[in-house]
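Please read the structure below before turning to the comments.
Read-outs throughout are calculated quantities, based only on the coordinates presented, and are distinct from any laboratory measurement. Since the structure is predicted, the reported quantities are computational estimates derived from the model, not experimental observations. Here the Cβ positions follow ideal geometry from the backbone for every residue, glycine too, while neighbour counts run over all protein chains shown.
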Amino acid sequence: MNLNWLFRKIVFVRIPNESDLHRRYQELQAYVGWGEDDATRVQAVAGLLEPVLPALVDDFYDEIGRHPKAGAVITGGQAQIDRLKGSLLKWLQELLSGPYDLDYVVRRWRVGMRHVEIGLDQVYTNVALSRMRAGLFQALGEKWPGSREDLVATLVSLNKLIDLDLAKIEDAYQGEYLARQQRSERLAAIGQVAGGVAHELRNPLNVVQTSVYYLLNARNASPEKTAEHLRRISLQVGVANGVITTLTNFARMPVPNLVRISVDRCVQEALDTNPVGDKVAVTKDFDPALPRALGDHDQLRIVFANLIRNARDAMPQGGQLTIRGSSSETGLAVSFEDSGVGIDPDNLNRIMEPLYSTKARGLGLGLALSRAILDKNKGSLQATSQLGNGSTFTVRLTADG
């Protein structure tokens, strides 16, 4: 039984401690039914197979030499090959002799780590070990002195052991590879965030710089003109502060204070502090019997404010925003329906991803932040849209009692 699929499901992001490695190995031994009888059968043929091991090692590296992609990791010439042959011979000897204890498991795991370090594609480990398995089985069949029944039992035990080794090697490989991939993705995300922040902050800073230049160099500036530029500076500082606040809120969302709140009142506060302008008509339609929600008032106000601003931005020529509050089977729902431009189907599934935005300006954190807040407030956010016919964002919350 091959256990590679099982280890793909159980991946370490960080290097595990040795006791964890051993415990997991024991779990896999139990999974394949490995026991003392298996260990005894394998160890009993160690002496029988010892004479053929050097030939198997030579065959192993001869085959690598015939495959440039596998051989590319060998950069030290014949001296490196000789060292690697010695390591492989020791690996085979330990495979057959055991003991299959903590030290054995750690050594197997480090083989996988080494594969990542030298850049060897794991697929070559899999096929190379298959070739080694075939060689061991053939040699055992040729030299077997006992009954066919005992041979079959020994082959089964040896097969279990090789699969366990391969699983442990691949576990290390998968874990380290994933960790490196995540580090790379984090660096890419940092670069993307940095680009977004630079874009968002550069515009207000340019306005501030222009106004400061005017105030410093204008001759006989009127009080009205001076006041205008000071207002511009104040406004753009507020814009820049809003960008920083958004990033801070996203990076460090506090634990919500879940209490009984009025959703209607929370939505109204969000409307009062985020005016949609004269071109957008707002209609509120809340069920008078709408129950109170369980949530953090301040955090949910951030969600509602984000949805109101998005609706406003989706209707640059004006339109209708309808906010409905209704009871649902699991609690209550608040929907924000606009008559705006709508969202392309290709973008609809991604709009709640961090740093993804369909706007010319924007960090792409508003909806991601809203979803993160709702997750912590035992709620959810869904979106539907028709291109050219508007969008509807529905917040679902848990009713209090």
Cross-link list LYS225/LYS284; LYS69/LYS143; LYS69/LYS168: which exceed 30 angstrom alpha carbon to alpha carbon? LYS225/LYS284; LYS69/LYS143
Where in region 268-291 does the amide nitrogen come within less than 20 Å of the point 7 Å from the Cα of THR398, taken along Cα to Cβ? 290-291
Unit charges at the beta carbon, dipole of region 294-336: most positive-side option, GLY325, GLY295, MET315: MET315
Assuming R0 = 22 Å, can you tell me the calculated FRET efficiency for the pair GLN138 and ARG66, based on Cβ-Cβ distance, to the nearest 0.05? 0.65
Rounded if a/c under 1.5, otherwise prolate or oblate - region 17-116, Cα gyration tensor axes: oblate
Where labels lie 7 Å past Cα in the beta-carbon direction, separation of ASN257 and ASN206 in nm: 4.2 nm
Run down the lysines and flag those whose C-alpha is under 21 Å from the C-alpha of LYS279, throwing out any fewer than 8 positions away in its chain. LYS359
5 angstrom amide H check on VAL280, placed H, neighbours 5+ away: GLY319
Whole-Å semi-axes of the ellipsoid equivalent to region 259-398 (Cα gyration tensor, √5λ, descending): 23, 17, 14
How far apart, in nm, are two points set 7 Å out from the Cα along the Cα-to-Cβ line at ASN349 and at ALA221? 5.3 nm
So if I take the centroid of the Cα atoms in region 14-61 and the same for region 309-350, what is the distance between those two points in Å? 59 Å
Two pseudo-spin positions, 7 Å from Cα along C-beta at ASP375 and at THR40, lie apart in nanometres by 5.2 nm
